[in-house]
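Encoded as structure tokens, the structure appears first; notes follow it.
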Amino acid sequence: MARVVANAPTDYRAAAIDAIDSLVEAGDPFTVEDIAARIPSELPPAHPNLLPALIGARARNGLIVPMGRYRTTRRSRHSSKNTVWRASA
């Protein structure tokens, strides 16, 4: 996962980190879809594992905790179950 983060386009990685950090600061529950929606569409796409890697790092550091699951609405994900996150206290 460190390689995925290191090799991600710089602008996309920065936008993803900003999106995650702003959602954590807001204190509201969020999903990977919420993060993706905040990344400008004109940025070149990154590896599909980038957002999970960034989320996982924050979870391992105790900044966020899972609070449930939901079925994604993105057609390409075939209604897979994903985690709803929130800032840890």
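Some observations on this one:
- Residues of segment 50-75 classified as in a loop (DSSP other than H, G, I, E, B) and more than 28 Å from ALA89 (Cβ to Cβ), total: 2
- Candidate set: segment 27-40, residues that are of a type in the set (D, E, K, R) and in a helix (DSSP H, G or I); chosen: the one most open to solvent (accessible area, probe 1.4 Å): ASP34
- Residue check for ARG69: surrounded by 15 or more Cβ atoms within 10 Å (Cβ to Cβ) and out of contact with any Gly (no Cβ under 8 Å at 6 or more places or on another chain): no
- Filter result for LEU43 (at pLDDT 90 or above, in contact with an Asp or Glu (Cβ under 6 Å, 6 or more places away or on another chain) and open to solvent by 30 Å² or more (accessible area, probe 1.4 Å)): yes
- Considering (1) surrounded by 15 or more Cβ atoms within 10 Å (Cβ to Cβ); (2) in contact with a strand residue (DSSP E or B) (Cβ under 7 Å, 6 or more places away or on another chain), the lone condition that ALA16 does not fulfil carries the number (2).
- Sole exception among (1) part of a loop (DSSP other than H, G, I, E, B); (2) at pLDDT 90 or above; (3) farther than 21 Å from ALA6 by Cα for VAL24, by number: (1)
- Verdict on ASP11 being of a type in the set (Asp, Glu), open to solvent by 60 Å² or more (accessible area, probe 1.4 Å) and not in a helix (DSSP H, G or I): no
- Selection over segment 4-46 of residues that are farther than 21 Å from LEU63 by Cα and among the β-branched types (Val, Ile, Thr) gives a count of 1.
- Only listed residue being open to solvent by 80 Å² or more (accessible area, probe 1.4 Å), farther than 16 Å from ALA8 by Cα and touching a strand residue (DSSP E or B) at 6+ places or on another chain (Cβ under 9 Å), chosen from ALA59, ALA89: ALA89
The values are calculated or read from the model by the stated rules, or taken from the named source; none is laboratory data. Just so you know, these numbers come straight off a predicted model, no measurement behind them. Cβ: placed from backbone, ideal geometry, glycine included. Neighbour counts: every protein chain shown. Side chains are part of the model used for accessible areas, which takes the heavy atoms of the whole protein and leaves out ligands, DNA and RNA. Shrake-Rupley method; radii C 1.70, N 1.55, O 1.52, S 1.80 Å.
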